[in-house]
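A.B. asks: Have a look at this one.
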Number of protein chains: 2
Amino acid sequence: MEPYNGDWMRKYRGHCKLVVKPGSTEEVSKILKYCNDNMLAVVPQGGNTGLVGGSVPVFDEIVISTARMNQIRSFDEMSGVLVADAGVVLEVADQFLAEKGYLFPLDLGAKGSCHIGGNVSTNAGGLRLLRYGSLHGSVLGIEAVLPDGTIVEDLCTLRKNNTGYDLKQLFIGGEGTIGMITAISIQCPQRGKAVNVAFLGADSYEKLQLAFREAKSQLSEILSAFELMDSYSQDMVHRVRQNKRPLDGEYPFYCLIETTGSNTEHDADKLEKFLEDVMSKEIIADGVLAQDETQIKSLWSQREGITECIGHFGGTYKYDVSIPLKDLYRLVDETRERIEAAGLKGDSDEFPVVEVVGYGHMGDCNLHLNVAVRRYDKRVEEVLEPFVYEWIGKINGSISAEHGIGIAKKKYLGYSRNDAMINQMKQIKKLYDPNGIMNPYKYI
Amino acid sequence: MEPYNGDWMRKYRGHCKLVVKPGSTEEVSKILKYCNDNMLAVVPQGGNTGLVGGSVPVFDEIVISTARMNQIRSFDEMSGVLVADAGVVLEVADQFLAEKGYLFPLDLGAKGSCHIGGNVSTNAGGLRLLRYGSLHGSVLGIEAVLPDGTIVEDLCTLRKNNTGYDLKQLFIGGEGTIGMITAISIQCPQRGKAVNVAFLGADSYEKLQLAFREAKSQLSEILSAFELMDSYSQDMVHRVRQNKRPLDGEYPFYCLIETTGSNTEHDADKLEKFLEDVMSKEIIADGVLAQDETQIKSLWSQREGITECIGHFGGTYKYDVSIPLKDLYRLVDETRERIEAAGLKGDSDEFPVVEVVGYGHMGDCNLHLNVAVRRYDKRVEEVLEPFVYEWIGKINGSISAEHGIGIAKKKYLGYSRNDAMINQMKQIKKLYDPNGIMNPYKYI
């Protein structure tokens, strides 16, 4: 039972005594109907890679796992529409599509274990939303089971379908609170033949914003990622891995730019011209262009390795938030100041906090504010919360960019949604799940 | 009152005696609260360019016009997010954005008069959905007023916001049946500096599908439109306009391919190579590439002029449907056969039907099946309906790709949605509009 009762961050623990692994939508329907009739609480669980406790049975809920529902149902090579079970692992789906010249329009760190049903249920965003958009746009249909066992058959494979309220949207990001997604249909883009990556250093956050603007303008349709990393995050990677840094000098800010397109020559030409331009204008202090696949992976690992490296010291307080671009990094500085002022950060073991770092999907205004700690400590939490949420509430940011609400953020929802909105959400929850058996006491 | 009581197709007529033109969201709130308290039915109306009677007061509803709510509220040049009143005309919004180097991610024939609030309410699709995706993905937030006067403030300007059910999605395509949209925030893409257009002729629908597949693969990230036109539609344009045809020969099928990108040279290179390739492989019989802005307009008018030219003879029965690509054109052939078999089509005035034509957004599997008539005739209707809807229902198509349900398709909803889905929709309607004052007897 162990892996089903906890999360990989070891923040949440449950007391679930029963995991069911249905092999079909009909079985999910029977299970839910039984649970609903007998007032038994359930938690749908995919790869259980979430960060907000949404898929963890924090009480004694029954876990309904999608692990056995892992078949690709169909793929249309003309339209690029994939229909697949909820329990297909994201990376498996993407590899299947790669062979056909397509890609799954979502990519994230946990791709090797997360399930696509969980991705849709949590409205996962990830690395390339900038290019391929939100799941609200790319998911064409879902099959889901309501708490009373009703099977919602809405596996549309057409991009345009204006026939009534688009109810599937409530399940996208609904975190299994109104029903359980058992399959999805999704529009997949062509896989770009040419991928290029550049790694740049900038002297200030202001200059990095200028670089982003130029990238949008000059790289436009081929820009597939614009990732921010501060010096603190890169120092941590260097400290843990002892590797050679991509650039000779050190800078307060770095970014990773990826382009994806259909013509290697054209794309390299655009990226080189862009680099020359931003360096000659002194927007960027230094930069390097990956010369081959190995270098591409190596540059990406400077960004993707952050999570692992900052977790190395014991634990991490993670905030995944959206903030208008101009104010985005200010939250990291102000949080660091507060932690330092409270005397909680230092080099020796007596201080709980190792470092406060900022990185994330700058192209989507999505900041990962991470506080690396030697141990979880109530004093650190008190400095961080509700400060971080209040700060975000004041500038109309989002307290959850992509990880969702789960149990972690339920009490902070009011910083991003007003009473009228929360009231409407509660009515939706009541309409779909009148007995409150789906993921109870979470979300809303 | 005249323009508010009818639609531009002259298919629907109402008996509305009162049009209100609120100047602010607060005024909309007061109006709706008053109407709700006094059980007065209302119809929100934007540019009134719809095709399904959704914005027409088919009884004696009060029209609430968005005409005076026409201000652009803000635009962020860094993120590309536009916030604007519901009553801003689509073309006005796009021209505003053009000056900033951005574009509105929606384009359609009625752009000169339709309102963006109406576009979102009807989930308009248009010409470039293929490239810029659905409004479900690009609309970031809405402000709306519920029937009881509650103002829903959800004008998020962030791309990633996972804080509870995405309720705004119910209003996108909700056709003003659960509330009235008063403003939207929308993610706008960079405006491509380079636009190229090609016009191709093909010997069969099968070959046109091959051309589409090659276009997706070779033009990939720069492909911004792939439009289908059959010979019947082009004959009609030629018959009405007496203009020179773009190609020397005549072919059963034509397509218009548009590319949009950031580099003219690269894009022209890709498009030329594509043309050479599909012609050398005999996928395409003949093709022409626009050499300047005038030729681009001229080629587009072969596609965009179809609606006007086929309306020239009296009237048009219009079906806007989604069909899996391989079966898409078959509906046009089979409909023509039925009309001919019923003896309803001919060259002289005694026959009601002039021609049955097919065209549309092939890149989105979106067919416009149009029946050009000299006069509306019950016998033609009986041959067309429910035949067309049954045909689409059988192959899991959508009876409404982009025009919506309104009053025209309410009774046919069952061909695209099963009972469980329709039942859920009814519950949503009841939840939001318990008195049933919003656009009554339409939609659901």
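A.B. asks: Can you tell me how many residues in region B:79-109 are among the charged types (D, E, K, R), within 13 Å of B:Tyr132 (Cβ to Cβ) and either within 12 Å of chain A (Cβ to nearest Cβ) or surrounded by fewer than 18 Cβ atoms within 10 Å (Cβ to Cβ) (or both)?
C.D. replies: The number of residues fulfilling the criteria is 0.
A.B. asks: Oh, and also: From the list A:Ser416, A:Ser400, which residue is farther than 30 Å from A:Asp37 by Cβ, buried (at least 20 other Cβ atoms within 10 Å of the Cβ), over 16 Å from the mean Cα position of the chain (by Cα) and within 10 Å of another protein chain (Cβ to nearest Cβ)?
C.D. replies: From the options A:Ser416, A:Ser400, the qualifying one is A:Ser416.
A.B. asks: State all residues of region A:335-370 that are assigned to a strand (DSSP E or B) and among the aliphatic types (A, V, I, L, M); if no residue qualifies, say none.
C.D. replies: Matches in region A:335-370: A:Val353, A:Val354, A:Val356, A:Val357, A:Leu367, A:Leu369.
A.B. asks: Would you mind listing the helices (runs of 4 or more DSSP H) fully within region A:204-310 where at least 1 residues are closer than 29 Å to A:Pro105 by Cα and within 14 Å of chain B (Cβ to nearest Cβ)?
C.D. replies: Counting at least 1 such residues, we get A:205-219, A:264-280.
Matching residues to (1) in contact with a Cys (Cβ under 9 Å, 6 or more places away or on another chain); (2) modelled with pLDDT of 95 or more; (3) under 27 Å from A:His403 (Cα atoms):
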residue	(1), (2), (3)
A:Tyr232	no, yes, yes
A:Val237	yes, yes, yes
A:Val288	no, yes, no
A:Glu308	no, no, yes
A:Gly311	no, no, yes
A:Gly314	no, no, yes
A:Lys326	no, no, yes
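A.B. asks: Just to check your reading of the model, which residue among A:Gly192, A:Gly164 is outside any helix (DSSP H, G or I), within 11 Å of chain B (Cβ to nearest Cβ) and surrounded by fewer than 24 Cβ atoms within 10 Å (Cβ to Cβ)?
C.D. replies: Answer to the check: A:Gly192.
A.B. asks: Is it the case that region B:15-23 has a residue that's without any contact (Cβ under 8 Å) to a residue 12 or more places away in the chain and surrounded by fewer than 14 Cβ atoms within 10 Å (Cβ to Cβ)?
C.D. replies: no
A.B. asks: Looking at B:Glu340, B:Glu382, B:Glu350, B:Glu390 in this structure, which one is surrounded by fewer than 21 Cβ atoms within 10 Å (Cβ to Cβ), under 23 Å from B:Phe253 (Cβ atoms) and more than 14 Å from every other protein chain (Cβ to nearest Cβ)?
C.D. replies: Residue meeting the stated conditions: B:Glu340.
A.B. asks: Right, another one. Determine, yes or no, whether B:Asn370 is within 11 Å of chain A (Cβ to nearest Cβ) and either of a type in the set (S, T, N, Q) or open to solvent by 10 Å² or more (accessible area, probe 1.4 Å) (or both).
C.D. replies: no
A.B. asks: Further question on the same structure: If you scan region A:400-444, which residues turn out to be closer than 28 Å to A:Leu384 by Cβ, out of contact with any Leu (no Cβ under 9 Å at 6 or more places or on another chain) and assigned to a helix (DSSP H, G or I)?
C.D. replies: Across region A:400-444, the qualifying residues are A:Lys410, A:Lys411, A:Tyr412, A:Leu413, A:Gly414, A:Tyr415, A:Asp419, A:Lys426.
Here is a yes/no grid of residues against (1) closer than 27 Å to A:Ser121 by Cα; (2) touching a residue at least 60 places away in the same chain (Cβ under 8 Å); (3) among the aromatic types (Phe, Trp, Tyr):
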| site | (1), (2), (3) |
| --- | --- |
| A:Thr316 | yes, yes, no |
| A:Ala341 | no, no, no |
| A:Glu350 | no, no, no |
| A:Glu355 | no, yes, no |
| A:Gly363 | yes, yes, no |
| A:Pro386 | yes, no, no |
| A:Ser398 | yes, yes, no |
| A:Gly404 | yes, yes, no |
| A:Lys410 | yes, no, no |
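A.B. asks: Oh, and also: Taking the criterion of being touching a Lys or Arg at 6+ places or on another chain (Cβ under 7 Å), touching a residue at least 60 places away in the same chain (Cβ under 8 Å) and not in a helix (DSSP H, G or I), would at least one residue in region B:371-382 satisfy it?
C.D. replies: no
A.B. asks: Here's another thing I want to ask about it. Does B:Tyr432 fit the bill of being closer than 30 Å to A:Lys430 by Cβ, away from every other protein chain (no Cβ under 14 Å) and aromatic (Phe, Trp, Tyr)?
C.D. replies: Criteria not met by B:Tyr432.
A.B. asks: Looking only at region B:53-78, how many residues end up being in contact with a strand residue (DSSP E or B) (Cβ under 9 Å, 6 or more places away or on another chain) and open to solvent by less than 20 Å² (accessible area, probe 1.4 Å)?
C.D. replies: Total satisfying the criteria: 9.
A.B. asks: From the residues in region A:139-148 that are within 12 Å of chain B (Cβ to nearest Cβ) and open to solvent by less than 10 Å² (accessible area, probe 1.4 Å), which one is farthest from B:Leu170 (Cα to Cα)?
C.D. replies: Ranking the candidates gives A:Val145 first.
The values are calculated or read from the model by the stated rules, or taken from the named source; none is laboratory data. Just so you know, these numbers come straight off a predicted model, no measurement behind them. Note that we place each Cβ from the backbone using ideal geometry, even for glycine, and neighbour counts take in every protein chain shown. For the accessible areas, the whole protein counts, side chains as well, though only heavy atoms, and no ligand, DNA or RNA atoms are used. Shrake-Rupley method; radii C 1.70, N 1.55, O 1.52, S 1.80 Å.
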